[in-house]
Amino acid sequence: MLNIALPKGRLGDKVYEMLKTIGYECDDIQSDTRKLIFVNEKCGVKYFLAKPSDVATYVEYGAADIGVVGKDILVESESDVYELLDLNIGKCRMAVAGRNDYVEDINRPVRVATKFPNVARKYYRSKNREIDIIKLSGSIEIAPVLNMSDVIVDIVETGTTLKENDLSVFEEIFPISARLIANKSSYKFKTDEIDTIVSKLRNNVK
Amino acid sequence: MSNNYTWQEKYYFKIRDAFESSGYKPYRMRKFEEYSLYADNRSFLTSEYIITFTDTDGKLLALKPDVTLSILKNTKANENVTEKLYYKENVYRLDKHSGEYKEINQIGLECIGKLDTLNVIEIIELGLASLAATGKSYILDISDMGIINSLLEYYRVDELAKTAIFEQMSIKSKDELNKVAAEYGVNAELTDRLIRLLNAPSDYDAALKVLKAVSVTESMKEIADKFAIIKDVFDNTEYKGRLKLDFSVIDNTGYYNGVIMQGYVDGASKAVLHGGQYDKLVEKFGKNLSAMGFALYVDELRNIQEVKNEFVDVLLIYSGKSNYKEVLRLARELRENGESVRTDRSEPSGLLYGQKIIL
């Protein structure tokens, strides 16, 4: 039995459709239920839905053998997992953005508001630039608008929210897409099952 | 052996016997060590966070985050003397998930001297024996740092690209490896060889064939020959099928140079055994020797162990009116007959016993 962690929401729905197409269906998962775990004995899969930012943790701790998670979360959490496949969906980018009229003061650290402190720290360290991190959990765009921060490090999908708030992207840090990850130990003991699913999915990745 | 030994104790006794019967001697050290040892070798440690404190003479000390460095600092090994040591120590490291320091129970061994393939095979065998002693299904993955290093040298890959390639190899990410190759302008033939190494089947023989096929340097061919010898040694043993070649096994490239290994036990979510050959670290200590060892992270096994209630052969219940001398005499007599005895005024909850005597 392969335990699969899917992220709740649009990305999880898309991934489930991909898995269903290659023969790992478990239709209960799409029903309106309070059940947490969905099993299809015949296909040998057990699905559960988790908060997207927790999927990597479930996989790293072995509660799930495999899971699907955005590259943003993988980089931020530094989870010790195998990253077996780029699913090429859920695409966006990690970027530095700020007010359109922002001019950097090189005599003081940059104030960076972000949900991704590790990503921000690593990025600015690579540029040898000192920063002050302001950790937020959501609505990051407000921080530079209210002058709480100079810039934000955040996910940018279409850029509409930025545009509507007179913000723009200054630098792109890395592209993001959904990845199929595997617990390292599970992979050792369920190599064939996991390789089969990865290989079938790879043929369906656009 | 008493029924009341913890699984950790029973496990330790088993592997201690295996280590000692292979000529390894116990190594003991204090809980703390001079901080400078870790400051000088910071990049060898898994975390840069170390608990430090000042001794009464002003010297900066640290609660040890590692045992290998202390063993190397004190080793008496030389060209003619190979030192073989095992240890059971607690190390203190920062847990990246909780952000707090943790005391980690580590058992391991180190072999320092002029090592040859036989020494390496003995260490691999002890690694396999240590995993087998858990009583669970297990896998020991091995590789050699020389494989990827040699390939990257052969194709003259620069340091930045090397780091990126090692990173993607270690997480088995073929897609990211292709992106890195494109970004750094890596030779297509090299990328193909790396992908073939990542695609190598989990079967030892099949993986060895892949290694032979992608080998371009003499040193890669020598590694393949060494792995063929290792295969022959374990082919007709209980370890056949347990030892695998996995070319994604990579550790600190600044210190490890030869065979590298990681062990997994079914049910434990992380590798429980980490080890390898670290001649580059020995060199930093000014010695022209080789060293290889491994550490077992026993705490990773605790979640897969069945927790049993405490058991005594005889539960001796006495009351305030009992003759204490008589209670003690009876308990002593039973113990002399090999029984374990607990004296109590009432039956403790959760205690399992063979016989209850009420006085």
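The values are calculated or read from the model by the stated rules, or taken from the named source; none is laboratory data. Predicted model only: the values in this text are computed from it and were never measured. Cβ coordinates were reconstructed from backbone atoms using ideal geometry, including for glycine residues, and neighbour counts include every protein chain displayed.
Pairing residues of the range A:90-106 that are in the same structural domain as A:Ile155 (by TED's automatic domain parsing) with residues that are hydroxyl-bearing (Ser, Thr, Tyr) and not in a loop (DSSP other than H, G, I, E, B), at Cβ distances under 8 Å and at least 6 apart in sequence or on separate chains, gives A:Val96/A:Tyr123; A:Ala97/A:Ser168; A:Gly98/A:Ser168; A:Asn100/A:Ser168.
Here A:Tyr61 meets each of (1) surrounded by fewer than 19 Cβ atoms within 10 Å (Cβ to Cβ); (2) more than 13 Å from every other protein chain (Cβ to nearest Cβ); (3) more than 24 Å from A:Ser199 (Cβ to Cβ) with one exception, condition (2). Listed by first and then second residue, the pairs with beta-carbon distance under 7 Å, at least 6 apart or on different chains, first residue in the range B:266-278 and within 9 Å of another protein chain (Cβ to nearest Cβ), second in a strand (DSSP E or B) and at pLDDT below 95, are B:Val272/B:Tyr297.
Residues that are modelled with pLDDT of 95 or more, within 14 Å of chain A (Cβ to nearest Cβ) and either assigned to a loop (DSSP other than H, G, I, E, B) or in contact with a strand residue (DSSP E or B) (Cβ under 6 Å, 6 or more places away or on another chain) (or both) are absent from the range B:213-234 altogether.
Can you spot a residue in the range A:174-193 that is surrounded by fewer than 16 Cβ atoms within 10 Å (Cβ to Cβ), over 30 Å from B:Asp203 (Cα atoms) and out of contact with any Gly (no Cβ under 7 Å at 6 or more places or on another chain)? Give the steps one after another, and end with the answer.
Looking only at the range A:174-193, we keep the residues that are surrounded by fewer than 16 Cβ atoms within 10 Å (Cβ to Cβ), and these are A:174-175, A:192.
Add one more test, that the residue is over 30 Å from B:Asp203 (Cα atoms), and what stays is A:174-175.
Those still in the list that are out of contact with any Gly (no Cβ under 7 Å at 6 or more places or on another chain) too: A:174-175.
Yes, some residue in the range A:174-193 is surrounded by fewer than 16 Cβ atoms within 10 Å (Cβ to Cβ), over 30 Å from B:Asp203 (Cα atoms) and out of contact with any Gly (no Cβ under 7 Å at 6 or more places or on another chain).
Filtered by the rule that a residue be more than 21 Å from B:Ser290 (Cβ to Cβ) and among the aromatic types (Phe, Trp, Tyr), the range B:214-264 gives B:Phe234, B:Tyr239, B:Phe247, B:Tyr264.
Being within 26 Å of B:Trp7 (Cα to Cα) and surrounded by fewer than 12 Cβ atoms within 10 Å (Cβ to Cβ) is a property that does not hold for B:Leu315.
As a summary of the residue check, A:Lys127 satisfies the conditions (1) charged (D, E, K, R); (2) more than 14 Å from chain B (Cβ to nearest Cβ); (3) within 19 Å of A:Glu104 (Cβ to Cβ); (4) in contact (Cβ under 8 Å) with a residue 40 or more places away in the chain except for the one numbered (4).
Just name the residue that is farthest from A:Ser79 (Cα to Cα) out of those in the range A:156-195 that are without any contact (Cβ under 8 Å) to a residue 24 or more places away in the chain and within 14 Å of chain B (Cβ to nearest Cβ). Please lay out each step first, then the result.
Looking only at the range A:156-195, we keep the residues that are without any contact (Cβ under 8 Å) to a residue 24 or more places away in the chain, and these are A:158-161, A:163-164, A:188-189, A:191-192, A:195.
Next cut, within 14 Å of chain B (Cβ to nearest Cβ) only: A:188-189, A:191-192, A:195.
Details: A:Lys188: 17, A:Phe189: 20, A:Thr191: 20, A:Asp192: 23, A:Asp195: 20 Å.
Filtering first and then ranking leaves A:Asp192.
Go through the range A:130-206 and tell me which strands (runs of 3 or more DSSP E), entirely inside it, have 3 or more residues that are within 21 Å of B:Asp141 (Cβ to Cβ) and modelled with pLDDT of 95 or more.
On the way: elements: A:131-135, A:151-156, A:167-176, A:178-182.
Strands (runs of 3 or more DSSP E) meeting the threshold: A:178-182.
Here is the figure for the range B:113-166: residues that are of a type in the set (Asp, Glu) and under 20 Å from B:Lys212 (Cα atoms) total 3.
Cβ-Cβ contacts under 7 Å between residues 6 or more apart (or on different chains), taken from a first residue in the range B:241-254 that is more than 10 Å from every other protein chain (Cβ to nearest Cβ) and more than 20 Å from A:Asp80 (Cα to Cα) to a second residue that is assigned to a loop (DSSP other than H, G, I, E, B) and of a type in the set (Val, Ile, Thr), are absent.
Go through the range B:279-300 and report how many residues are more than 14 Å from chain A (Cβ to nearest Cβ) and either closer than 29 Å to A:Ala182 by Cβ or basic (Lys, Arg) (or both). Steps first, answer last, please.
Looking only at the range B:279-300, we keep the residues that are more than 14 Å from chain A (Cβ to nearest Cβ), and these are B:279-296, B:298.
Filter once more, keeping what is either closer than 29 Å to A:Ala182 by Cβ or basic (Lys, Arg) (or both): B:280, B:284, B:287, B:292-296, B:298.
Here the count works out to 9.
For the range B:50-105, name all the residues that are surrounded by fewer than 20 Cβ atoms within 10 Å (Cβ to Cβ) and among the aromatic types (Phe, Trp, Tyr). Hits for the range B:50-105 are B:Phe53, B:Tyr92, B:Tyr101. Every test in (1) free of Cβ contacts under 8 Å to residues at least 24 places away in the same chain; (2) within 14 Å of chain A (Cβ to nearest Cβ) is passed by B:Ser202 save one, and that test is (1). Note on the range A:1-105: enclosed helices (runs of 4 or more DSSP H) holding 1 or more residues that are more than 12 Å from the chain's Cα centre (by Cα) and under 23 Å from A:Lys190 (Cα atoms) are A:10-21, A:52-60.
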